[in-house]
Every structure is written in structure tokens, then in C-alpha cells.
1. Rule-of-thumb check for segment 50-180: C-alpha Rg over 2.2 N^0.38 Å?
2. Calculate I(q)/I(0) for the chain by the Debye formula, one identical point scatterer on each C-alpha and no solvent, and give its log10 at q = 0.06, 0.09, 0.10 Å⁻¹ to two decimals.
3. Mind checking which helices in the chain clear 18 Å along their axis (Cα) and have mean Kyte-Doolittle hydropathy of -0.5 or more, DSSP H runs only?
4. Only sites in a loop by DSSP and with at most 14 other Cβ atoms within 10 Å count here; which trypsin sites (Lys or Arg not before Pro) in segment 373-475 make the cut?
5. Which of the residue pairs Lys63/Lys197; Lys246/Lys496; Lys246/Lys279; Lys236/Lys281; Lys63/Lys384 have a Cα-Cα distance greater than 31 Å in the structure shown?
6. Which loop trypsin sites (Lys or Arg not before Pro) in segment 118-173, with loop taken from DSSP, have no more than 11 other Cβ atoms within 10 angstrom of their Cβ?
7. To the nearest 0.05, how large is the calculated FRET efficiency for Thr251 and Arg66 if R₀ is 41 Å and r is the Cβ-Cβ distance?
8. Can you give me the three principal axis dimensions of segment 122-163 from its C-alpha atoms, in Å, biggest first?
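The values are calculated or read from the model by the stated rules, or taken from the named source; none is laboratory data. What you see is a predicted model, and the numbers here were worked out from it, not measured in a lab. Note: ideal-geometry Cβ built from the backbone for every residue, glycine included; neighbour counts use all protein chains shown. Keep in mind that these areas ignore ligands, DNA and RNA; they rest on the heavy atoms of the full protein, side chains included. Shrake-Rupley method; radii C 1.70, N 1.55, O 1.52, S 1.80 Å.
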Amino acid sequence: MAGGGFSDDKGGKRAHLYEYKITGYFIFACVVAAMGGSLFGYDLGVSGGVTSMDDFLKEFFPKVYRRKHAHLKETDYCKYDNQILTLFTSSLYFAALVSTFGASHVTRNKGRRASILCGAVSFFLGAILNAFAKNIAMLILGRCLLGVGIGFGNQAVPLYLSEMAPAKVRGAVNQMFQLTTCLGILIANFINYATDKIHPWGWRLSLGLATVPATVMFIGGLFLPETPNSLVEQGKLQEARQVLEKIRGTTKVDAEFADLKDASDAARAIKDPFRNLLKRKNRPQLVIAALGIPAFQQLTGMNSILFYAPVIFQSLGFGSGASLYSSAITSGALVLATFISMAFVDKFGRRAFFLEAGVEMICVLVAVAVTLALKFGEGEELPKGVGIFLVVIICIFVVAYGRSWGPLGWLVPSELFPLETRSAGQSMVVCVNMIFTALIAQCFLVSLCHLKYGIFLLFAGLIFIMSCFIFFLLPETKQVPIEEIYLLWQNHWFWKRYCTPEENEHGLDAKSLPPI
């Protein structure tokens, strides 16, 4: 079978000696850090709702407003096809991908906590600018500041959570980022539903309330400890051990601390982590974590649904209130799915969730395409039964994504990089993710206009390809200590040709591991 992995967390020389308790201090640190996901989630949820509000469209996009009301109760694939309107959404992600390189420098040299604080400040300023925007230029500038905040947050938070967590619960802890993202989306949809009734400035309130999660994240971030991994990387060994003892709830951390120091020694020898990422021995991390998974996460089509759920439902003939309510239902399904993933990902593993959900998502997208091909006629009102069916199966799609590519798209890359390339690798993850997020955001509505129901068949084909990618190339990482993940590559049917024990600075090999 493709892949490789450990059956437990005893794969390396010291992993079986690790000791830990779940302490209140550890829980506090992870909950506060995970608030970074709420920034990303709130923006995902709020932007699609705002772009469907009449008051917003009348002020900034009057042509779209007139076209919308010309087909208010009719189906029309091209109702919202406007490149400046989609730039309102996608500009944030273009800014995020540029800022992530600066975030990498801060994360590596100043720590994960510093990046979290920088992200909160930038997001706050962007929210204020958007709330008081008087023209499109102010809107776009505000979106760019929001993007810088997300670039810093998405760079630092998944790393922070993975480094703070013990191996046996790392999957569930890391997915707190996805949980707060989903909760942010859900809350944003309910806020949009309420502010849509406040004329003419309700949309300003929706955008301005993004300051709330940013403020919470900044204040909480002031009290966050730095991760032991980062402190060791900065040469602060005494402080690193103190933090490690505090978050593990025990003074018996010699084995784990020794592994951290070994990884740090290897990291210090690397002067250019981005160039090191291109080395042959790091080919698995480059292909899977830095390029494949973050690109594929967006090519599932899920973020198109999150960005434009109200717009899609209105294009399919739902009224304004009904469309916002329907998108809130899909957001609730996403939160439910995240809890499912958190509960079971460390039991069943990452690969099982990827592959099972992939089959389910393909079936749903084909069903959506067939339904629209048969029942969706331009200029006609969508039958109520068909509309309900579409909402239900889209919720099924959301639940499948929410327990697989959604949370695991951030969890798995954060696990795979060794310390010497971790900040650079996470920058690549965020950069590639944001490139494809921005492209999907910019191109989805025009693609919906021209490809019609075929856009859903396209996404189904892409999910088939990415499921094959996971099946053949990704080893199982559940319960493997983060500093020993590299051992998996030496025993993998394909990657072992790139990663031999002789190339490994740590002096460990995987000869004792059973082949999978």
C-alpha cells in the first residue's frame, strides 16, 4: 500500500520517553493562539455576504446592482460577473501571499508570538479602513491590510499549535485553528443576516466588526508564551525548558528537550532556509506540504462556496434574506465537521479522512452539476424543492471538506517540515494557499458565468486527482513526534529514494520501522 507511518509514537530513539499532562496553561495558550483562525474565518464569511447586499452594491457597484434587480427572482449564472467586485475579495489574498515572506522572517527570528501580534494589528487597521470606506480605493487598501494580517496569522498560528502540542493530540490541537476559522465564518453569516436589514450602513457594521477578533487576538497574544521550539531556535535554552515544563505539566522533559536541541543545532547550520527547502532530501516536504496540499485545498472549490455562498444562492434564484440564511446553514455544517475531525483525526489518521471525504465530495459535485444541467434554466425561477435539495447536498459537501481538506490542509503541512526549514516551509504553504485562494476568488464568478454547471464537474475532476496524490505520496503522520516526522520518508515506497539515513543530520534512521 502507498504511504508509510508509525503505528504509535515510539518511532525514534527518544519519543517513547516523552511525558506530558494537559495543563490549564497549555489550554490557554492554544485557545488564544487559535483565535488567529477567527480572523481568516470572519473575513471569509463576511465578504461574500457584503457583496450581495443592496446598499453596498448601490454605493460601489451600481451596474451589478441594476443587473441583480433585473433578474432578482430568476436564475442567472452571470448575475454577479464583475471583475472589480471580485477584486474586492481577492485583493486580500494577493496581499496575504506577499506578506507571508516578511512573516517568515519575523516568525523565524522574533518568534511565532511576534507574528501573531503583527497580524492582529494589521487586521484591525484594515477593518477600520473598510468600515469607513468612501470609495473603491479605500476598500481595496483596507482589504490589503486585512490580507497582511491574515498572511502573518496563517504563517504563525498553525506552527504555534503544532509545536505546543504533544504528539498524541497534535491533530486535535492544530485543528483548533480550523475550528475558530469555521466559527468566524458562522458568526459572520449571522451578522450579515442581521445587518442586511440595517439601511443604508449595515454593510459597514459587518466589515467593522472584524476589529473584535483582532482585538481579542492582540490582547491575548500579549500573554502568550513563545513555543519551546522557537526559543531553542533563538538560543534561549533556559527559558525554552521552563516553558516546556510548564506546558507539559512535568519536569521530566529531558528526552523531548534533547530532541529540540538536536533539531535546533541542525537548524542553525542552515543560513538560507528557502534554498535548503529545494535540496533533494527535502523534496517530499516541498512537493507535498509546500506545493501540493495548499494548492489542492483551494482547488476543491470549497472556498468558492464560502466566499460567494450568498451570491451563489441568489444566482440560483434565492431571495436576499434566504440566501444569507442558506449560507449560514452551510457554515454551521462546517463547524460540525470540524468537531468530527478534531475528535477522530488522531484515531483514524490523516490519510483516511482525506480519501473518504474525497469520494464523498466528488459524488456531491457531480450531483450538483447534474441537477443544474436538468433543472437550471437561465431566466427561470428555480423550483423550491430543487433549491432545498441544492442546499442539502452543498451542506454534505461542506461536512466532507470540513473534516478533511479544510483542517488537514493546515495541519499536515505544519507537521511535515523539520525545524531548519519550518518557518520558510510554512511561508511557502501560506503563499501557495493564498495564490490559489486569490485566483479562485477572482475567477470563480466569471467561470460560473461561462462554464455554468460545468464548473462543478471541473472541481470534481480536480478532487479525484488530489485524492490520488494523497493515496500514493502522503505517509500517515498521526501521533508521530513533530521532530521525528522526517523518519517517515526513509521508509516510504517512493520518497526513500530521496531521503536516505546518510543524508540525515540527526543520525537516526528508520530501519527499525515496519514497512507499510
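1. Details: Rg = 18.6 Å, N = 131, 2.2 N^0.38 = 14.0 Å.
Segment 50-180 yields a ratio of 1.33.
2. Log10 I(q)/I(0), no solvent term: -0.27, -0.60, -0.74.
3. Counting only whole DSSP H runs, the qualifying helices are 36-50, 83-109, 112-131, 136-164, 176-195, 320-348, 350-375, 384-402, 419-451, 454-473.
4. Values: sites: Lys375, Lys384, Arg403, Arg422, Lys452; in loops: Arg403, Lys452.
Passing sites in segment 373-475 do not exist.
5. Distance filter (> 31 Å) returns Lys246/Lys496; Lys246/Lys279.
6. Details: sites: Lys134, Arg143, Lys168, Arg170; in loops: Lys134.
Passing both the DSSP loop test and the Cβ count: Lys134.
7. In this case the efficiency is close to 0.05.
8. Result, largest extent first: 43, 13, 8 Å.
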